[in-house]
Amino acid sequence: MKIFVTGASGHIGNLVTAELLEAGHQVVGLSRSQAGADRLAAQGAEPVLGTMDETDRLAELAAASDGVVNLAFSHDGGDFAAAIESDRALIGAIGVALEGSGKPFLAASGTMILVGSTPAGEFGSEDTVVDVSRAANPRAVTEKLLLGLADRGVRSGALRFSPTVHGPADLHGFIPSLIAAARQRGSFGYVGDGENRWPAVHNIDTAHLIRLAIENEDLPAGIPLHAVAEEGIPFRRIAEAIGRRAGVPVESVSPETAAERYGFVGRFVGVDNPTSSAGTQELLGWSPTHPGLLEDLADGFYFARS
């Protein structure tokens, strides 16, 4: 298959590209930097230099492919609302280009959109009906657009990533951001008693899931897929692991303090987001096998970086 991957030189995209190429697929990969494009070419992919705002051009590339994986998301300038609008515009344009084709179109989302729609204490699942107005993650509106493409003849699927997609290649995700904040402040905090839970998944397991999904000709249209290996790690345990390796004390803080100290990530520090991936594992025959988050934190590679 010829797969068009946006964000192909990024953290997850680079691993997805490698996974697809190893399986014998052709990858056309979007990179916004020449260095990223060069890395894609060295891997054996066909690099495309550009940005996700070039919607007409990217829609043409999507139409010329056998399937699309949209992993691009612009964090430039810290304007999350603008990034969401760009993401939504690109998904809409690709949806029009693929209309009536029956081609697979997978795009990034997150398990945090389940918060507000899952009863307190219960695990969110692929069957959870998301109330967009209550979702903790504003990308819920974008996911609704994506999944709605099923009614227009597109085999769309939402890749709901755990808040931490961890591993040695994770340089700019939630965990590196929290570690940097802990070092800067000389302490690290969890909200309340820290018993709120975060799901987690290794990035290599995530890349494998995406390949299985894009290859599955029987994949139902308009469904969410949960990139979740560990269903719910108490955040206090994550905080203690970070504090231990960073050599800083760990303390309970208020939600307001977390938001102030940890920037964008801080709004999620106290969120309870236990999430199951049983449906995804059964549908795709996907079984995560790589180390868990606490194992990766104990390994030390996150803390060996300057």
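Only the coordinates and a few stated rules stand behind these numbers; no lab work does. Because the structure is predicted, anything quoted here is derived from the model rather than measured. Positions of Cβ are generated from backbone atoms using ideal geometry, with glycine treated the same way; all protein chains shown enter the neighbour counts.
Cβ crowding within 10 Å, taken as a proxy for footprinting-reagent exposure, orders Val265, Val253, Val68 from fewest neighbours to most as Val265, Val253, Val68.
Computed 3J(HN,Hα) for the range 170-176, one whole-Hz value per residue from the Karplus formula 6.51 cos²θ - 1.76 cosθ + 1.60 where θ = phi - 60°, is 7, 9, 9, x, 4, 5, x, glycine and proline marked x.
Which of the three applies to the range 150-221, rounded, prolate or oblate, going by the alpha-carbon gyration tensor with a ≥ b ≥ c and a/c under 1.5 meaning rounded? Write out the running numbers ahead of the final one.
On the way: a/c = 3.33, a/b = 2.32, b/c = 1.44.
Cα axes put the range 150-221 in the prolate bin.
Over all other residues within a Cβ to Cβ distance under 14 Å of Pro234, the charged ones net out to -3, with Lys and Arg as +1 and Asp and Glu as -1.
This ranking places Met1, Met112, Met52 by how few other beta-carbon atoms lie within 10 Å of each, fewest first, which gives Met1, Met52, Met112.
Using a 10 Å Cβ count of at most 16 others and DSSP loop calls, identify the longest part of the chain lacking such trypsin sites (Lys or Arg not before Pro). Present the calculation step by step, with values, prior to reporting the outcome.
Numbers: sites that count: Arg267, Arg305.
It runs 1-266.
Counting every other Cβ atom within 10 Å of each residue's Cβ, Leu61, Leu178 order from fewest to most as Leu61, Leu178. The Cα center of the range 1-47 and the Cα center of the range 240-306 differ in position by 27 Å.
The alpha carbon gyration tensor of the range 243-298 gives principal lengths a ≥ b ≥ c with a/c of 1.5 or higher and a/b no greater than b/c, which makes the shape oblate. Per the Kirkwood formula applied to alpha carbons, the chain shows a radius of gyration over Rh ratio, Rg over Rh, of 0.96.
Computed 3J(HN,Hα) for the range 188-199, one whole-Hz value per residue from the Karplus formula 6.51 cos²θ - 1.76 cosθ + 1.60 where θ = phi - 60°, is 9, x, 10, 8, x, 8, x, 7, 5, 10, 10, x, glycine and proline marked x. Using R0 = 51 Å, the C-beta based FRET efficiency linking Ala298 and Gln26 works out to 0.85.
Summing Lys, Arg as +1 and Asp, Glu as -1, what charge do residues with Cβ under 13 Å from the Cβ of Asp127 carry, Asp127 excluded?
That sum, taken over residues with Cβ under 13 Å, equals -2.
With R₀ set to 35 Å, the beta-carbon distance separating Ala278 from Asp193 gives a calculated FRET efficiency near 0.80.
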